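Trainee: Sending over a structure as C-alpha cells; questions will come in a sec.
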Amino acid sequence: MNVKIIRYLRIIIWVFSGAAFSDGGSIGVNYGRIANNLPSAVKVVQLLKSQGLNRVKVYDTDPSVLRALSGCGIKVTVDLPNKLLFSAAKRQSFANVWVQRNVAVYHPSTQIEAIAVGNEVFVDPHNTTTFLLPAMKNIHQALVKYNLHNTIKVSSPIALSALQNSYPSSSGSFRPELLEPVFQPMLDFLRQTGSYLMVNAYPFFAYESNADVISLDYALFRENPGVVDSGNGLRYFSLFDAQIDAVFAAMSALKYDDINIVITETGWPSKGDENEVGASLENAAAYNGNLVRRVLNGGGTPLRPKADLTVYLFALFNENEKNGPTSERNYGLFYPSEEKVYDIPFTVEGLKNYRDKPSPVGGQRVSPPVNGGGNVSTSVSGQTWCVASGDAGKTKLQAALDYACGEGGADCHPIQPGSTCYNPNTIEAHASFAFNSYYQKKARAIGTCYFGGAAYIVTQPP
C-alpha cells in the first residue's frame, strides 16, 4: 500500500478516535463493601462489564477485588485509608512497601489509574489533616521508585465542606484555615505531578437542607428556568454544576485554573428517614439517570465549558452495615442480588431509550426542618425568612453582617442607633435583620440565606 495512503488512513483513524474520546465525559462507580450480603468480587466485575461501566473506585486495596479486576479492562482507583495517613506521612519506607504490595504487584494487569490518599480528610474526627500532604508526596515518591508515576496519579477526595463560600458559584473559596497549610501546597503538588483534584459532591444534602427554596427540578437536572450567578452572569440549570463551579472558582482564586477536577463521589438515596427530604426511588433514578446523560453528552460546566467530566456514582450496592440515617444504606444502584434498584443506563447506547419522568405539578418544593433550628411548622403562605445562627459566633456574624449591609446591599438603616429596629442591640438580632433584608431582596433565591453558615431559613416570622 502507498505510504501516503497509510499516513492518510492513520490521520483519519486518529481524528475519529480523538473525536470519539472527546464526545463526552466518563461514568464510573464507587464499589463500597460495608455489607454482609454482597456478591463475590468476580461476580461484581461481571456485573460492571455487563452494564458497560469501565471505571471503578474502591475504598481499600483488597486482594480479592484487585485480582478479580485483573485483565478485565476496567480502570481502577484505589484508596489509602485515613487510618494509614500517619504512617505513610512519617515513613517513606512504609509508603514504598504499601505501593509495592497494593499497587505494583497488580499493575498493569489490574489497570490502576489513581490512588486516593485518604477520603474527606478535613472532616475526619481523628484530625489527620496535617498528615495528608506528606502522605501524598511519599506515595508519589514510591510510585517513582517503581516507575509507575507516569501512569498512576495521586490525589485526595475533598468534601464541599472544605469550601468557605459556595454561593454564588463565582464566589467559591476554600476555608481560610486550610489555605496555606493544605490547599496551596496540595494544588502545587497536583500541578507538578499532572494530577487532578478529587471532589465529592452531593446536591442531595443541599436540597435536603433547603428544599423550601431549591427547586427539585434544579437539583435533579430537569428542565427549569435556571439560576443566574450574580457574580459572573452565568446561568446555571443544575445544582450539581453550580457546586462544581464553586470549587473551580476557589481554585481559580488561587491561580490554579490549569488543574482539572474529577468527581469521585456523587449520588442520591432511594430511601430515607421521614425527615430526609427528597430521599426517594423516583428522585434517585432521576438524579443519577439525568446525571449520566449530562456527563456522557459532553461539555463541562458554565465556568469550564470545555472540561469534560469524569464522575463516579455512589454507590454500586446498597450497603446494609453502614451506620447513620436510613439514606446511608440506600445509595446503591443495585441490590446485593445484582438486581437494579431503578432502571437507568450507564452508556451512550443505553441513553437512546432513556426518558426521565417530569416532577409532579406542585411537588417541586417542600419545607424541611430548618438548618440548626429544629422542627418548625410550615408557613401557610409559603413565605420564608432568613435569620442569624447563634452558634456561628460573634466574629463570623459580624463579618457576615458587614457584608450584608455593605457589598450585599441590604437595607440596614432600621438597625442604626436611634432607628426603629436598633433594639435589641445585639449582633445576632442586627444580623438577622440584615440577613433577611438581603434574602428578601434576592427574592429568596437559592443560597442567599447562607452567609458562610452563619444563617438559616425559618418558615415562621422571626
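The values are calculated or read from the model by the stated rules, or taken from the named source; none is laboratory data. In this text the structure is predicted, and so the values were computed from the model without any measurement. Using ideal geometry, Cβ is built from the backbone for each residue, glycine included, and neighbour counts are taken over all protein chains shown. For the accessible areas, the whole protein counts, side chains as well, though only heavy atoms, and no ligand, DNA or RNA atoms are used. Shrake-Rupley method; radii C 1.70, N 1.55, O 1.52, S 1.80 Å.
Trainee: Looking at Val123 and the list (1) aliphatic (A, V, I, L, M); (2) open to solvent by 30 Å² or more (accessible area, probe 1.4 Å); (3) more than 19 Å from Pro157 (Cα to Cα), which single condition is not satisfied?
Mentor: (3)
Trainee: Would you mind finding the one in Thr326, Thr347, Thr310 that is touching an Asp or Glu at 6+ places or on another chain (Cβ under 6 Å) and either of a type in the set (A, V, I, L, M) or touching a residue at least 24 places away in the same chain (Cβ under 8 Å) (or both)?
Mentor: Thr326
Trainee: To continue, here is another question. Being in a loop (DSSP other than H, G, I, E, B) and either at pLDDT 95 or above or out of contact with any Cys (no Cβ under 9 Å at 6 or more places or on another chain) (or both) narrows it down to one of Tyr207, Tyr256, so name that one. Please lay out each step first, then the result.
Mentor: Values: Tyr207 fails: in a loop (DSSP other than H, G, I, E, B).
Checking each option against the conditions leaves just Tyr256.
Trainee: If you take the residues in the stretch 252-282 that are within 19 Å of Ala242 (Cα to Cα) and polar (S, T, N, Q), which one is surrounded by the most Cβ atoms within 10 Å (Cβ to Cβ)?
Mentor: So the residue we want is Thr264.
Trainee: For the stretch 85-95, name all the residues that are surrounded by fewer than 20 Cβ atoms within 10 Å (Cβ to Cβ) and in a helix (DSSP H, G or I).
Mentor: Phe86, Ser87, Lys90, Gln92, Ser93, Phe94
Trainee: Does Tyr422 fit the bill of being surrounded by fewer than 22 Cβ atoms within 10 Å (Cβ to Cβ), among the hydroxyl-bearing types (Ser, Thr, Tyr) and closer than 21 Å to Leu160 by Cβ?
Mentor: Here the answer is no, as Tyr422 does not meet what is asked.
Trainee: Hey, could you check the stretch 294-309 for residues that are among the basic types (Lys, Arg) and buried (at least 16 other Cβ atoms within 10 Å of the Cβ) and say which is farthest from Tyr167 (Cα to Cα)?
Mentor: Arg294
Trainee: Also, quick follow-up: Of all the residues that make up the stretch 61-84, how many are surrounded by fewer than 15 Cβ atoms within 10 Å (Cβ to Cβ) and either farther than 23 Å from Thr151 by Cα or in contact (Cβ under 8 Å) with a residue 60 or more places away in the chain (or both)?
Mentor: Qualifying residue count for the region: 1.
Trainee: Determine if the stretch 288-296 includes at least one residue that is assigned to a helix (DSSP H, G or I), farther than 17 Å from Asp245 by Cβ and small (Gly, Ala, Ser).
Mentor: Yes, the stretch 288-296 has at least one match.
Trainee: Tell me, yes or no, whether the stretch 171-183 has at least one residue that is in a loop (DSSP other than H, G, I, E, B), over 28 Å from Val29 (Cα atoms) and not acidic (Asp, Glu).
Mentor: yes
Trainee: Within the stretch 27-60, restricting attention to residues that are hydroxyl-bearing (Ser, Thr, Tyr) and open to solvent by 20 Å² or more (accessible area, probe 1.4 Å), which residue is farthest from the chain's Cα centre (by Cα)? Talk me through it step by step, then tell me what you get.
Mentor: In the first step, residues of the stretch 27-60 are kept if they are hydroxyl-bearing (Ser, Thr, Tyr); the result is 31, 40, 50, 59.
Next, only the ones that are open to solvent by 20 Å² or more (accessible area, probe 1.4 Å) stay: 40, 50, 59.
Working: Ser40: 29, Ser50: 26, Tyr59: 16 Å.
Top of the filtered list is Ser40.
Trainee: Would you confirm whether or not the stretch 196-204 contains a residue that is open to solvent by 30 Å² or more (accessible area, probe 1.4 Å) and not small (Gly, Ala, Ser)?
Mentor: The answer is yes; a qualifying residue exists.
Trainee: For the structure I just gave you, tell me whether Phe189 is farther than 30 Å from Lys442 by Cα, touching a residue at least 24 places away in the same chain (Cβ under 8 Å), in a helix (DSSP H, G or I) and open to solvent by less than 30 Å² (accessible area, probe 1.4 Å).
Mentor: Criteria met by Phe189.
Trainee: Please specify each residue of the stretch 104-132 satisfying the condition of being more than 17 Å from Ile261 (Cα to Cα) and assigned to a loop (DSSP other than H, G, I, E, B).
Mentor: Val105, Tyr106, His107, Pro108, Ser109, Thr110, Asp124, Pro125, His126, Asn127, Thr128 - these are the residues of the stretch 104-132 that are more than 17 Å from Ile261 (Cα to Cα) and assigned to a loop (DSSP other than H, G, I, E, B).
Trainee: Of all residues in the stretch 350-361, which are in contact (Cβ under 8 Å) with a residue 12 or more places away in the chain and surrounded by fewer than 18 Cβ atoms within 10 Å (Cβ to Cβ)? Before you say what the answer is, go through the steps one by one.
Mentor: Within the stretch 350-361, the subset in contact (Cβ under 8 Å) with a residue 12 or more places away in the chain is 350-351, 354, 356-359.
Within the stretch 350-361, Gly350, Leu351, Tyr354, Asp356, Lys357, Pro358 qualify.
Trainee: Is there a residue being under 25 Å from Glu113 (Cα atoms) and among the aliphatic types (A, V, I, L, M) anywhere in the stretch 239-246?
Mentor: So far as the stretch 239-246 goes, yes, one or more of its residues are under 25 Å from Glu113 (Cα atoms) and among the aliphatic types (A, V, I, L, M).
Trainee: Any idea which of Phe248, Phe240, Phe221 is surrounded by 22 or more Cβ atoms within 10 Å (Cβ to Cβ) and assigned to a loop (DSSP other than H, G, I, E, B)?
Mentor: Answer to the check: Phe221.
Trainee: Same structure, new question: Going through the stretch 450-462 one residue at a time, which ones are in a loop (DSSP other than H, G, I, E, B) and either at pLDDT below 75 or within 21 Å of the chain's Cα centre (by Cα) (or both)?
Mentor: Answer for the stretch 450-462, where residues must be in a loop (DSSP other than H, G, I, E, B) and either at pLDDT below 75 or within 21 Å of the chain's Cα centre (by Cα) (or both): Tyr450, Thr459, Gln460, Pro461, Pro462.
Trainee: Moving to a separate point now. On the basis of being modelled with pLDDT under 95, more than 21 Å from Leu303 (Cα to Cα) and open to solvent by 50 Å² or more (accessible area, probe 1.4 Å), does Pro181 make the cut? First the steps, then the outcome.
Mentor: Values: modelled with pLDDT under 95: yes; more than 21 Å from Leu303 (Cα to Cα): yes; open to solvent by 50 Å² or more (accessible area, probe 1.4 Å): yes.
Taking the combined requirement at face value, the residue satisfies it.
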